[in-house]
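Below is one structure; the comments refer to it alone.
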Amino acid sequence: AALAPPVLFLDEPCASLDPGATRAVEEIAAGIAAGGCKIVMTTHDLGQARRLAGEVVFLHRGRVLEAAPADRFFAGPASAEAAAFLQGELLW
């Protein structure tokens with residue numbers, strides 16, 4: 001982030017962090033995004049995705065099943081798999 005990249009990739013940046021550290025990382029990421037950097041982040045934490053995402057790309061079995069603005073995705077996902085995941089089901 002110090003070099004102001006146009007895109008920053010983050011792979012589960014809050015994995016195994018306590019809530020305080022997670023909040024700090026989320027605030028840093030939000031600040032970087034507010035500065036114009038596009039952040040592409042993986043997460044399994046639905047709460048975190050709801051807090052941070054502007055867009056969601058839902059992957060299942062290595063395939064993109066859905067790509068949508070976050071508000072639309074969380075309000076009514078288009079794929080059955082995404083709907084099941086949001087209901088807390090384990091997908092195989």
(request) Scan the range 27-52 residue by residue and report those that are of a type in the set (G, A, S) and out of contact with any strand residue (DSSP E or B) (no Cβ under 8 Å at 6 or more places or on another chain). (result) A30, G31, A34, G35, G36, G47
(request) Just name the residue that is surrounded by the most Cβ atoms within 10 Å (Cβ to Cβ) out of those in the range 44-54 that are among the aliphatic types (A, V, I, L, M) and part of a helix (DSSP H, G or I). (result) A49
(request) Under 6 Å between Cβ atoms, at least 6 apart or on separate chains: pull out the pairs that start in the range 73-89 with a residue that is among the polar types (S, T, N, Q) and end on any residue that is surrounded by 13 or more Cβ atoms within 10 Å (Cβ to Cβ). (result) S79/L65; S79/E66
(request) Report, by residue number, each residue of the range 1-10 that is open to solvent by less than 90 Å² (accessible area, probe 1.4 Å) and more than 16 Å from the chain's Cα centre (by Cα). (result) A1, A4, P5
(request) Return the only residue of P19, P13 being open to solvent by 60 Å² or more (accessible area, probe 1.4 Å), more than 22 Å from E89 (Cα to Cα) and over 10 Å from the mean Cα position of the chain (by Cα). (result) P19
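A quick yes/no check of all residues on (1) touching a Gly at 6+ places or on another chain (Cβ under 8 Å); (2) without any contact (Cβ under 8 Å) to a residue 12 or more places away in the chain; (3) within 23 Å of Q87 (Cβ to Cβ):
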residue: E12; (1), (2), (3): no, no, yes
residue: D18; (1), (2), (3): no, yes, no
residue: A24; (1), (2), (3): no, yes, no
residue: K38; (1), (2), (3): no, no, no
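In the range 1-23, how many are of a type in the set (D, E, K, R) and part of a strand (DSSP E or B)? First the steps, then the outcome.
First, the residues of the range 1-23 that are of a type in the set (D, E, K, R): 11-12, 18, 23.
Remaining after also requiring part of a strand (DSSP E or B): 11.
Here the count works out to 1.
One line per residue, one yes/no per condition, for (1) surrounded by 13 or more Cβ atoms within 10 Å (Cβ to Cβ); (2) in contact with a helix residue (DSSP H, G or I) (Cβ under 9 Å, 6 or more places away or on another chain):
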site	(1), (2)
A30	yes, yes
I39	yes, yes
T42	yes, no
V56	yes, yes
V64	no, no
P69	no, no
G76	no, yes
A84	yes, no
Q87	no, no
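The values are calculated or read from the model by the stated rules, or taken from the named source; none is laboratory data. In this text the structure is predicted, and so the values were computed from the model without any measurement. All Cβ positions, glycine included, derive from the backbone under ideal geometry; neighbour counts span all protein chains shown. Keep in mind that these areas ignore ligands, DNA and RNA; they rest on the heavy atoms of the full protein, side chains included. Shrake-Rupley method; radii C 1.70, N 1.55, O 1.52, S 1.80 Å.
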